[in-house]
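Read-outs throughout are calculated quantities, based only on the coordinates presented, and are distinct from any laboratory measurement. All values reported here derive from a predicted model rather than from experimental measurement. A quick note on method: Cβ atoms are made from the backbone with ideal geometry, for glycine too, and the neighbour counts reach across all protein chains shown.
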Amino acid sequence: MGRTFKGAYEEFFLVVGLSVLFWIGTLLVVTAPMTWAGMHHVANRMANYKRVEFGFFWEGARQHIGRGALLALLLVFAPIAMTISINFYLSGGGWLVVPGFITLWLLLLSVLAAQYFYPLFWQQNEPTVPLLLRNSFLLVIRHPLYSVLMLLFQLLLAVVSIVLVVPVLLILPGLLVLSHNYALVGLLQEMDLAPQPPQMSGT
């Protein structure tokens, strides 16, 4: 959580620029998948302590367009489909309650896993959608408390930003994308699956 604020402070104007691009790209709908992929490309580089600039946004937006679109469709429509299924099963009563609760748990796991989807898209050497889905759910199952706390942190950021109004447009999207990527990289560092932060020289 601290790394999210530190990264946003050090690259404040970049975060603001990415947030503005998020709203423009998302409102245009067609460009939303490319916008989200480009933002996470920049944020993932920041989380891995690599050089960042706006050029990496355009680089990320142009790469893996088909896979990025598929991932975006899953993020948007899968929760809707599961919510409709839950409502159908639970309203039916009887034995239909069982698959209803199973689908509810799957929805909750999906919400937790979703924060790792796009970060893993850029963290993996081979950004295949089935592989990142599998790895995201495995991370949630192995580290449920960590995943829940990071999700609560992101919800807190959203609530504070909405209350303050202006940050919703200028900061919130960039902060959320940063938190997703720092959450993943921090978790992988604890598992010795990602490089540790560079050591600062001097006293």
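Tabulated data for the structure shown
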| quantity | calculated |
| --- | --- |
| The chain, relative contact order [Cα under 8 Å, separation at least 6], % | 30 |
| Set of segment 157-174 residues, backbone N closer than 20 Å to the point 7 Å along the Cα-Cβ line of residue 76 | 173-174 |
| Angle in degrees between helix 129-142 and the longest Cα principal axis of the chain, rounded to the nearest 10 | 80 |
| Computed over the chain, Kirkwood Rh from alpha-carbon pairs, angstrom | 17.8 |
| Within the chain, helix-based [θ] at 222 nm, where runs of 4 or more DSSP H residues each add -39,500 (n - 2.57), nearest 500 | -26500 deg cm²/dmol |
| Separation between Cα centres of segment 6-78 and segment 100-166, rounded to whole Å | 16 |
| Electrostatic dipole magnitude of the chain [Cβ: Lys, Arg +1; Asp, Glu -1; Cα centre; debye, to 20] | 100 |
| Inverse of mean 1/r across different Cα pairs in segment 56-159, Kirkwood, Å | 15.3 |
| Order of 118, 9, 182 under a 10 Å beta carbon neighbour criterion, fewest first | 9, 182, 118 |
| Using a Förster distance of 22 Å, the FRET efficiency for residue 155-residue 12 (Cβ separation, nearest 0.05) | 0.45 |
| Where the Cα pairs of segment 16-60 fall when distances are cut into 5 Å bins, in % | 5, 26, 32, 23, 10, 4, 0 |
| Between helix 32-47 and the chain: long-axis angle, C-alpha atoms, 0 to 90°, nearest 10 | 50 |
| Farthest toward positive dipole pole in segment 2-190 [+1 Lys/Arg, -1 Asp/Glu at C-beta], among 104, 68, 185 | 185 |
| FRET E, pair residue 165, residue 106, Förster distance 35 Å, beta-carbon r, rounded to 0.05 | 0.50 |
